[in-house]
Amino acid sequence: IRRDTRYKSLYLNAGVWCSSCKLFFPEDPVKIVRAKGQYIYDEHGREYLDCINNVSHVGHCHPDVVKAAHEQNQLLNTNSRYLHDNLVDYAKRLSKTLPEKLCTFYFLNSGSEANDLALRLARQYTKHEDVIVLDHAYHGHLTSLIDISPYKFRNLEGQKEWVHVAPLPDTYRGIYREDHKDSVLAYANEVKKIIDQAQKKGRKIAAFFIESLPSVGGQIIPPEGYFQMIAEHVHKAGGVFVADEIQVGFGRVGKCFWAFQLQGEDFVPDIVTMGKPMGNGHPIACVATTKEIAEAFADTGVEYFNTFGGNPVSCAIGLAVLDVIEKEHLQAHATQVGNFLMELLNQQKVKHPIIGDVRGVGLFIGVDLIKDQEKRTPATKEAEYLITRFKREYILLSTDGPGRNVLKFKPPLCFTMDNAKLVVDKMDEILTDMEREKTCELVGNHH
C-alpha cells in the first residue's frame, strides 16, 4: 500500500477497501507481516514499537497463548451445546477476579456482542427502555450500540428519544474541573437531573452504561466515588449499572484487575462486559452479571445461544491469557512501568507548554495537547503531526478525545521501562523541534 496508487486501486477493484474503512497513517500505511511481544514488523523487516495495541494484551503472538490455541484446535472445536471442561474452568477462573454477586457468565465473540447482550439483559430485568450514557462514549458498532454511542450517533441519525447523554466526568476540560470544590458530586448530580427530567416525561431508565475508563472520550480517569453516586441514582430509578471493561480490563490498570475496582471495594456493577484483551487477539468476549438478572432473562422463554461463544478453543486461549498475566506478574509490571512512564511524561509537561495534562493509571495513559494554557484549546494538528513523526521513528501511537488531541498509550502489558524511556526521549526531541520551528516562523513573520 506504501504510497503505491496501483496497489490501492487493486484493493478497491478487489472490493476489500472502501472509503468508510480507515487505516492508520492513510497517506503512508504500514503493511504488517509479523509481530512479537510489543513489537510489530513490516514487509521490509523494520521493527516498530507498538504503544497502542490493547488487544494483544500479554504481547503479540505470546507462545503460551499460541500453544494453547494449537493444542485445543488439534482436539476439538465446536459450539457450546455440549459439555466441555474449558468453558466451566474459564468461568470459574473469571469469577475469582470479580465480586461474588457477579456469578453468571455469557460467552460471546466481540465487545459489541457483549454490550448488545448487556442492553438486552438490562431491559428484560428492569422492564424499562431508556439508557444513560456519557458524552463522547463508544460502546460498539452494532445498530443497538451506535444508538448509545454519542461518538457515532452525532454523525449519523442523531440521538434517539430513549437515549440520555450525561457530561463526561473530565476534571481537566469538562464542565467541572480540578478547581471545583466537589466535582464528583457535581457530575453525579448531572445524571440525577437527567433521570428526574426523563421521569417527568414518563420515561423509565433501564441502564447507565459507562466505560470504566472512558477511552474514546480522551483517556479519562473518573474521580473516585463517582460510580457509587451514579449507581445510587440509577438504582433508585429502577435501572442497572453496566461497566464496560472491553478496553481496560484484565489488569491493564495495574493495581486492580478491573478498572471499575479503582472506585473502591464497596462498588459492584450489576453487569460487566469484557472483550478485546480477553483472547490476546482471538475473538472472545463475555458478559458477567448477577443470578437475578440472568434469571429474568431466562424468564422470557427464549433461549440464548451463540454459535461460537465459549467454544473450547476460545476458552483455552482465555485460560492461557489469565495464566500469563499471573505467571509474568503483568499487573505489577503495568503499575511499575505505568508509573515510570507517567513520571517521565510529567517531566515533559514542565518542559513543553503544549502538554496540558498527563493522566492515567497503569498502562492506560493520555497526554492532552493544548494550544494555550488558559483556554486549553485542543492542539489537534500538532497531535497529528506528532504521531506522524513518531511513525518515522518506528514508534506507533495514535490520538483520541473529542478534539483528537490526546495521545493515547495502551501498549501490550509486556511494554518495558526501556520502551517508555525511548518513547519519551523521542517525544522530547520532536516537541523541541516543533518549538524551534515555531520560533523561527514567528521571527520570520516579525521581520
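The values are calculated or read from the model by the stated rules, or taken from the named source; none is laboratory data. Remember, predicted model here, so these are calculated numbers, not experimental data. Counting neighbours? That spans all protein chains shown, and the Cβs are built from the backbone with ideal geometry, glycine included. We work out accessible area using only protein heavy atoms, side chains counted, and drop any ligands, DNA or RNA first. Shrake-Rupley method; radii C 1.70, N 1.55, O 1.52, S 1.80 Å.
Quick notes on this one:
- For the stretch 360-405: accessible area per residue (Å², 1.4 Å): 42 Å²
- Of Y82, Y187, the residue with the largest accessible area leads and the full order is Y82, Y187 (1.4 Å probe).
- In straight-distance terms, cross-link reach from K67 covers every one of the lysines whose alpha-carbon lies under 29 Å from its own, apart from those fewer than eight places away in the same chain; here that gives K31, K36, K92, K96, K255, K276, K327, K410.
- The helix-based estimate of mean residue ellipticity at 222 nm for the chain, built from -39,500 (n - 2.57) per DSSP H run of four or more residues and divided by its residue count, is -12500 deg cm²/dmol to the nearest 500.
- Between Y41 and N189, the distance separating the two model label sites (each 7 Å from Cα on the Cα→Cβ line) works out to 5.9 nm.
- With every protein chain in place and a 1.4 angstrom probe, the accessible-area ranking of E382, E232, largest first, reads E232, E382.
- Distance from the alpha carbon centroid of the stretch 173-192 to that of the stretch 270-289 works out to 30 angstrom.
- Accessible area in square angstrom per residue, the stretch 108-213, 1.4 angstrom probe: 45 Å²
- The antiparallel fraction among DSSP beta bridges confined to the chain stands at about 65%.
- Rounded accessible area of H136 (nearest 10 Å², 1.4 Å probe): 60 Å²
- Under the convention that each Lys and Arg Cβ holds +1 and each Asp and Glu Cβ holds -1, the size of the dipole of the chain around its Cα centre is about 720 debye.
- The residue among Q331, L87, I246 whose Cα reaches farthest toward the positive pole of the charge dipole of the chain, with charges on the beta-carbon of Lys, Arg, Asp and Glu, is I246.
- Positive-end residue of A198, N155, T388, charge dipole of the chain with Cβ unit charges: N155
- Hypothetical label at V350: residues of the stretch 168-188 whose amide nitrogen lies under 19 Å (7 Å Cα-Cβ projection): none
- Note on C440 and Q373: their simple-model spin labels are 2.6 nm apart, each label 7 Å out from Cα toward Cβ.
- Rolling a 1.4 Å probe over the protein heavy atoms of the chain, with every protein chain left in place, gives an accessible area that is 51 percent carbon and sulfur.
- Magnitude of the charge dipole for the stretch 43-126, about its Cα centre and with charges confined to Cβ atoms of Lys, Arg (+1) and Asp, Glu (-1), is about 440 debye.
- Hits among aspartates and glutamates - C-alpha to C-alpha of K291 under 15 Å, sequence gap 8 or more where chains match: E100, D270, D299
- Of V268, P353, P312, farthest towards positive along the dipole that unit charges on Lys, Arg, Asp, Glu beta carbons give the stretch 257-355: P353
- Computed extension gain for K421 through F25, at 0.36 nm per residue and net of the alpha carbon distance, reaches 140.2 nm.
- Placing +1 on the Cβ of every Lys and Arg and -1 on the Cβ of every Asp and Glu, with nothing else charged, gives the stretch 63-328 a dipole about its Cα centre of roughly 420 debye.
- Considering all different alpha carbon pairs of the stretch 63-328, the Kirkwood hydrodynamic radius works out to 19.0 Å.
- Within the full protein context, the accessible area of K67 is estimated at about 120 Å² for a probe radius of 1.4 Å.
- Relative frequency of Cα-Cα separations exceeding 41 Å in the chain, percent: 18 percent
- Computed over the stretch 221-306, the P(r) tail beyond 23 angstrom holds 32 percent of alpha carbon pairs.
- Shown for the stretch 101-231: lysine pairs separated by 8 or more places, or found on different chains, whose C-alpha atoms are under 22 Å apart, numbering 20.
- Förster radius 45 Å - calculated FRET efficiency between K101 and E178 (Cβ-Cβ, nearest 0.05): 0.85
- Counting only DSSP beta bridges with both residues in the stretch 63-328, the antiparallel share comes to about 40 percent.
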